[in-house]
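K.L.:
Provided herewith is a single structure, encoded as structure tokens, for subsequent inquiry.
The values are calculated or read from the model by the stated rules, or taken from the named source; none is laboratory data. As the structure is a prediction and not an experimental result, all values here were calculated from the model. Neighbour counts run over all protein chains shown; Cβ positions are idealised from the backbone, glycine included. Areas reflect the complete protein model, heavy atoms only, side chains present, ligands, DNA and RNA absent. Shrake-Rupley method; radii C 1.70, N 1.55, O 1.52, S 1.80 Å.
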Amino acid sequence: MMAENILSTDIQFLPGVGPRRGEVLRGSGVKTFADLLRFYPRRHLDRSIVVPIRKLSDKGAAVTVVGTVVAFGMVPGRRKRFELVVGDDGGQMKCVWFNSLRWISTVFEMGEKVAFHGQPQRYGRSFSMVHPDFDKLGEEGTALDTGRIISLYPGGAKFDRVGLTSRQFRRIIHGLFKEHGREIPEILPKDIRAANRLIDGNVALRAIHFPKSHAELEEARRRLKFEEFFFMQLLLALNRKQKMAKPTGIVFEKSDALSRVFLEEVLPFEPTKGQLDALSDIRRDTQTGHQMNRLLQGDVGSGKTVVAVAAMLLAIDSGYQAAFMAPTEILAEQHYRSIRSYLSALDVDIRLLVGAQKKSVREEILTGLASGVTDITVGTHALIEENVRFQKLGVVVIDEQHRFGVMQRAKMFTKGVAPHVLLMTATPIPRSLAMTLYGDLDVSIMRDMPAGRRRIETWLRFENRRDEVLAFIRKELQEGRQAYVVYPLVEESEKVDLKDAVSGFETLQQELKEFSVGLVHGRMSGDEKEAAMRSFKSGETHVLVATTVVEVGVDVANATVMMIEHAERFGLSQLHQLRGRVGRSHQQSYCVLMADFKRSAEAKERLEAMVRTTDGFEISEADLRLRGAGDVFGTRQSGLPELKLADVVEDQELLRKARDAAFQLAETDPHIRDERLSAMREHFLQTAPKQLRLARVG
Ligand code: ADP
Ligand code: MG
């Protein structure tokens with residue numbers, strides 16, 4: 001039998017597993033022997049750096065304590081909890097749980113040996129840990145549990161119920177290596193390993209589960225991280241290669257007369273160099289006969305819409321239609337209006353398609369699309385619904401695209417004959433991340449801002465200075481400017497937040513009696529929202545109180561003040577987006593962050609970053625550091641293979657190496673036909689089947 005056949009055996013047939021554990025493991029994505037090899041420890045516990053209880057301190061990082069369970073029980077009270085006392089040679093420490101009480105109360109036995117990992121907190125003279133991680137060490141004496149470094153596996157009730165403790169995992173995985181360790185295929189070819197100084201795959205896998213030393217563990221992690229990056233990049237590289245091999249792209253043959261007229265005669269301002277360069281990238285792409293997949297990156301306010309409009313005119317000039325997709329209805333409406341006003345002097349038919357429209361209106365729009373009468377359609381993801389048919393779709397623009405996952409992108413690409421795709425983002429994506437998420441895209445970056453813009457002044461203010469802030473806003477309003485006042489809207493406490501915004505609105509109406517104050521929030525109907533936005537845009541209302549619906553894309557150049565209430569509750573990129581709503585003209589603009597004295601360390605860092613810089617790239621890097629890639633860019637929903645060990649920020653160097661290797665391979669052997677690469681091909685097909693289908697679609 002071939003090696004991969006044994007390792008692809010159903011996990012329940014592995015000694016120590018069986019049907020019950022098998023089911024739980026399968027639920028966690030461990031379906032085969034091979035999957036278990038890559039079920040990496042969540043942490044390693046270095047028994048040589050265990051801290052004795054009497055040496056604990058509440059300063060510094062989380063630590064590990066190993067001791068014997070001395071006592072435990074439920075403690076009644078206002079907040080019911082489960083407490084446990086653990087003791088070692090020199091002292092005792094308490095562990096406390098507030099959640100999952102029923103389960104946690106069944107986990108421990110008196111006298112058993114357990115390792116607890118957490119942040120010690122001081123109470124008087126003793127220490128406790130709240131919700132520590134733990135690992136039941138059981139009887140000492142077996143080599144697997146007492147080595148210098150031992151592996152801790154993902155835990156929790158689900159695993160615990162079937163006895164899958166870290167200790168059990170170590171035994172089962174050890175058995176797997178003993179029986180089948182020699183059959184683990186090498187999935188990276190020799191030249192790639194040599195060029196990148198990587199240890200062998202089977203050595204790395206063994207070492208990550210059973211490291212002999214820190215150095216060995218590090219080497220193992222490096223090799224396995226490389227692997228993760230490599231296969232992700234290979235997917236992108238092959239995807240791209242396939243696309244380039246098929247000349248299925250539409251060619252915009254006619255001249256670019258229309259977009260020239262737009263840029264040179266219609267626009268009331270000079271395009272920036274960045275805008276012109278981006279457009280010439282696009283023009284070049286649409287002449288090649290290949291489908292364009294271009295990401296246009298430009299900070300908030302850099303003028304991406306102008307580029308999009310010019311790109312759509314290229315299509316229209318050659319007899320094609322264009323679609324412009326925005327992430328929310330309110331933004332679609334905004335863009336619809338601004339695109340119409342940009343193009344009012346030209347003979348272009350522009351329509352809006354959103355979910356909330358009346359059926360008769362919708363039918364009419366759909367007919368216009370299908371017959372080809374409509375040139376530009378602006379909309380939300382309603383544009384990619386099944387029943388939307390274009391006669392000749394030439395280009396699709398997706399604005400603020402990090403909100404659309406890879407899957408939605410793929411779906412969009414199936415409309416018409418591979419229309420060109422222009423993705424636009426105002427959240428500058430650090431290079432490292434662009435390589436993972438959009439490794440198959442070409443990128444145009446606009447680094448300049450329209451002439452005459454001034455740096456937005458950003459202030460951090462606490463409640464005690466509210467009067468001062470209001471006086472300042474009044475002064476700006478008296479000079480004819482306008483202001484936003486934004487409230488957070490966190491989903492979990494939507495009701496409370498909404499009340500906040502509404503009562504803030506009422507108070508402001510009192511405080512700024514001589515001015516007109518408007519309100520817009522997500523719970524309003526589409527018409528109400530639009531009416532509120534329109535009267536702010538026209539200058540009828542002077543102050544717009546809003547929840548985060550104004551976050552992206554809203555464009556009112558006369559607004560010079562952005563006041564953000566409870567700023568400590570917003571994420572960094574959200575704050576940056578909000579700030580980008582002002583500073584859209586030559587007027588000096590201001591961003592006032594109203595914050596609570598009591599704010600977390602992380603919130604403090606966010607607010608400080610906002611005051612320190614207005615540079616979107618810097619903000620983005622800071623955000624990535626604070627929150628991690630999964631949350632910032634939705635990589636988890638992106639449809640790309642999951643990164644278990646590798647980190648796009650920490651491991652940038654390795655990512656670059658893996659990317660080079662993958663793209664080089666895709667160049668020389670785009671179908672991975674080389675017999676020496678059969679194990680790699682096998683692994684690729686096994687770990688990325690869904691994405692592969694996606695690749696073919698794209
Ligand atoms: P974003 O890149 O954030 O989408 P917009 O396209 O909304 O930016 O443009 C921001 C503002 O700048 C708009 O009011 C737009 O009309 C204006 N603008 C765009 N390009 C220029 C330019 N070259 N010169 C002056 N103003 C410009
Ligand atoms: Mg925009």
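K.L.:
Among the residues of segment 246-261, is there at least one that is within 19 Å of Asp442 (Cα to Cα), within 16 Å of ligand 2 (Cβ to nearest atom) and either open to solvent by less than 70 Å² (accessible area, probe 1.4 Å) or of a type in the set (Gly, Ala, Ser) (or both)?
P.N.:
Looking for residues that are within 19 Å of Asp442 (Cα to Cα), within 16 Å of ligand 2 (Cβ to nearest atom) and either open to solvent by less than 70 Å² (accessible area, probe 1.4 Å) or of a type in the set (Gly, Ala, Ser) (or both), one finds none in segment 246-261, hence no.
K.L.:
Looking at Val378, Val354, which one is within 16 Å of ligand 1 (Cβ to nearest atom) and buried (at least 20 other Cβ atoms within 10 Å of the Cβ)?
P.N.:
Val378
K.L.:
Only helices (runs of 4 or more DSSP H) wholly contained in segment 104-219 count here; list those with 1 or more residues that are within 34 Å of the chain's Cα centre (by Cα) and of a type outside the set (D, E, K, R).
P.N.:
Fully inside segment 104-219 and qualifying: 157-161, 166-180, 190-195, 201-209.
K.L.:
Give just the number: which of (1) part of a loop (DSSP other than H, G, I, E, B); (2) surrounded by fewer than 22 Cβ atoms within 10 Å (Cβ to Cβ); (3) of a type in the set (A, V, I, L, M, F, W, C); (4) modelled with pLDDT of 85 or more does Val582 not satisfy?
P.N.:
The single condition Val582 does not satisfy is (2).
K.L.:
Can you tell me how many residues in segment 20-30 are part of a loop (DSSP other than H, G, I, E, B) and out of contact with any helix residue (DSSP H, G or I) (no Cβ under 6 Å at 6 or more places or on another chain)?
P.N.:
Qualifying residue count, segment 20-30: 2.
K.L.:
Are any residues in segment 284-303 at positive phi and within 16 Å of ligand 1 (Cβ to nearest atom), and if so, which ones?
P.N.:
Gly301, Gly303, listed by residue number.
K.L.:
Still on this structure: Which condition number in (1) at pLDDT 90 or above; (2) polar (S, T, N, Q); (3) within 19 Å of Asp669 (Cα to Cα) is the one that Asn202 fails?
P.N.:
(3)
K.L.:
Just need a number here: residues in segment 505-531 that are at pLDDT 90 or above and in a helix (DSSP H, G or I).
P.N.:
7
K.L.:
So, Ser341, is that one at pLDDT 90 or above, within 26 Å of Ser525 (Cα to Cα), more than 16 Å from ligand 1 (Cβ to nearest atom) and of a type outside the set (Asp, Glu) or not?
P.N.:
Against the criterion (at pLDDT 90 or above, within 26 Å of Ser525 (Cα to Cα), more than 16 Å from ligand 1 (Cβ to nearest atom) and of a type outside the set (Asp, Glu)), Ser341 does not qualify.
Here is a yes/no grid of residues against (1) within 11 Å of ligand 1 (Cβ to nearest atom); (2) under 19 Å from Thr328 (Cβ atoms); (3) surrounded by fewer than 23 Cβ atoms within 10 Å (Cβ to Cβ):
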position: Phe536; (1), (2), (3): no, yes, no
position: Gly539; (1), (2), (3): no, no, yes
position: Val543; (1), (2), (3): no, no, no
position: Asn558; (1), (2), (3): yes, no, yes
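K.L.:
In segment 440-465, which residues are open to solvent by 40 Å² or more (accessible area, probe 1.4 Å), part of a strand (DSSP E or B) and either within 13 Å of ligand 1 (Cβ to nearest atom) or over 20 Å from Leu593 (Cβ atoms) (or both)?
P.N.:
Asp442, Val443, Ile445 - these are the residues of segment 440-465 that are open to solvent by 40 Å² or more (accessible area, probe 1.4 Å), part of a strand (DSSP E or B) and either within 13 Å of ligand 1 (Cβ to nearest atom) or over 20 Å from Leu593 (Cβ atoms) (or both).
K.L.:
Continuing with the same structure: Please verify whether Arg569 is touching a Pro at 6+ places or on another chain (Cβ under 9 Å) and under 30 Å from Phe269 (Cα atoms), treating the condition exactly as stated.
P.N.:
It is false that Arg569 is touching a Pro at 6+ places or on another chain (Cβ under 9 Å) and under 30 Å from Phe269 (Cα atoms).
K.L.:
Six or more apart or on different chains, Cβ atoms under 9 Å: show the pairs whose first residue is in segment 132-152 and open to solvent by 30 Å² or more (accessible area, probe 1.4 Å) and whose second is among the small types (Gly, Ala, Ser) and at pLDDT below 85.
P.N.:
Pairs that qualify, where the first residue is open to solvent by 30 Å² or more (accessible area, probe 1.4 Å) and the partner is among the small types (Gly, Ala, Ser) and at pLDDT below 85, are Asp133/Ala62; Asp133/Gly155; Phe134/Gly155; Arg148/Ser48.
K.L.:
Checking Gly111 against (1) surrounded by 10 or more Cβ atoms within 10 Å (Cβ to Cβ); (2) among the small types (Gly, Ala, Ser); (3) modelled with pLDDT of 90 or more: exactly one of these is not met. Which one?
P.N.:
Of (1) surrounded by 10 or more Cβ atoms within 10 Å (Cβ to Cβ); (2) among the small types (Gly, Ala, Ser); (3) modelled with pLDDT of 90 or more, only one is false for Gly111: (1).
K.L.:
Let me ask you something else. Being polar (S, T, N, Q) and either surrounded by 15 or more Cβ atoms within 10 Å (Cβ to Cβ) or closer than 21 Å to Phe98 by Cβ (or both) is the filter here; which residues of segment 31-67 pass it?
P.N.:
Result: Thr32, Thr64.
K.L.:
Test of understanding: among Met232, Met244, which residue is out of contact with any helix residue (DSSP H, G or I) (no Cβ under 8 Å at 6 or more places or on another chain) and closer than 30 Å to Phe684 by Cα?
P.N.:
Met244
K.L.:
While we're here: Which of the residues spanning segment 336-393 are among the hydroxyl-bearing types (Ser, Thr, Tyr) and touching a helix residue (DSSP H, G or I) at 6+ places or on another chain (Cβ under 7 Å)?
P.N.:
Across segment 336-393, the qualifying residues are Ser338, Tyr342, Thr374, Thr377, Thr380.
K.L.:
Would you confirm whether any residue within segment 304-320 is within 13 Å of ligand 1 (Cβ to nearest atom) and not in a helix (DSSP H, G or I)?
P.N.:
No, there is no match, as no residue in segment 304-320 is within 13 Å of ligand 1 (Cβ to nearest atom) and not in a helix (DSSP H, G or I).
K.L.:
Going through segment 219-245 one residue at a time, which ones are within 30 Å of Asp647 (Cα to Cα) and either surrounded by fewer than 15 Cβ atoms within 10 Å (Cβ to Cβ) or basic (Lys, Arg) (or both)?
P.N.:
Residues satisfying the conditions are Arg221, Arg222, Arg223, Lys225, Arg240, Lys241, Lys243, Met244.
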